[in-house]
Amino acid sequence: RKEVEQDPGPFNVPEGATVAFNCTYSNSASQSFFWYRQDCRKEPKLLMSVYSSGNEDGRFTAQLNRASQYISLLIRDSKLSDSATYLCVVNRYGGGYQKVTFGTGTKLQVIP
Amino acid sequence: EADIYQTPRYLVIGTGKKITLECSQTMGHDKMYWYQQDPGMELHLIHYSYGVNSTEKGDLSSESTVSRIRTEHFPLTLESARPSHTSQYLCASSEFGTSGVKRGFEQFFGPGTRLTVL
């Protein structure tokens, strides 16, 4: 089983729709969580961190459920420019050690 | 905007050549990483470093080697390039962020080097 799993999609949604992605992780010792966005043939860029209390940045809301070991990303009022691959990232660290694991990504296509 | 640079951006080279992919960051980050990514596929960590004179192999076995003599510089070397090495190579660095919605070990990525070995 992979340490981080995502539905690869693609998710094809109309402009203005709300779309949600989940990402599950297998190691309960994981400590920090992120969503990155990667455009086609570009480098990944940090979208937002994910906290147990949930956090929001404009149209984007991230949630963490430690009990069920998943994180989610909700995008409201989808724009054409939201079309990209969304990568889930999980970190474990301590005592100078850090393990960063990227998910395979979920592809989103927003259609007019 | 992140200050992490990779050169060259594109490289087409013949089999058997030795190549070095450069990566530099001006943010003073201790941690640096090399990833390999084929088009439309997932990122694979091939090397990482926690600081000067520290290098470790990542999850994906790679014939490349790395060095970390200076904090800001993390070059990757292939002694003898082969067609199977054709891929995109992404360098990243990280710190522990403390503000806003981007707290934690966020990684900043360079623009990547697209390597083609003929």
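The values are calculated or read from the model by the stated rules, or taken from the named source; none is laboratory data. Please read these numbers as outputs of a predicted model, since none were measured by experiment. Note that each Cβ is placed from the backbone with ideal geometry, even for glycine, and that neighbours are counted across all protein chains shown. Ligands, DNA and RNA are excluded from the accessible area calculation, which covers all protein heavy atoms including side chains. Shrake-Rupley method; radii C 1.70, N 1.55, O 1.52, S 1.80 Å.
Some values worked out for this structure:
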| read-out | value |
| --- | --- |
| Breaking point among (1) open to solvent by less than 70 Å² (accessible area, probe 1.4 Å); (2) away from chain A (no Cβ under 14 Å); (3) small (G, A, S), for B:S93 | (2) |
| Residue match in the stretch B:32-40 (condition: in a loop (DSSP other than H, G, I, E, B), without any contact (Cβ under 8 Å) to a residue 40 or more places away in the chain and within 14 Å of another protein chain (Cβ to nearest Cβ)) | yes |
| Residue list for the stretch A:46-68, restricted to those being among the hydroxyl-bearing types (S, T, Y) and loosely packed, with under 14 Cβ neighbours inside 10 Å | A:S52, A:S53, A:S68 |
| Top-ranked residue in the stretch A:19-45 [being free of Cβ contacts under 8 Å to residues at least 60 places away in the same chain and away from chain B (no Cβ under 12 Å); ranked as surrounded by the most Cβ atoms within 10 Å (Cβ to Cβ)] | A:T24 |
| Residue among A:R37, A:R66 that alone is over 14 Å from the mean Cα position of the chain (by Cα) and under 27 Å from B:Y50 (Cβ atoms) | A:R66 |
| Condition met for B:S24 (in a strand (DSSP E or B), within 12 Å of another protein chain (Cβ to nearest Cβ) and more than 30 Å from A:G9 (Cβ to Cβ)) | no |
| Among the candidates B:L90, B:L78, B:L60, residue that is touching a helix residue (DSSP H, G or I) at 6+ places or on another chain (Cβ under 9 Å) and among the hydrophobic types (A, V, I, L, M, F, W, C) | B:L78 |
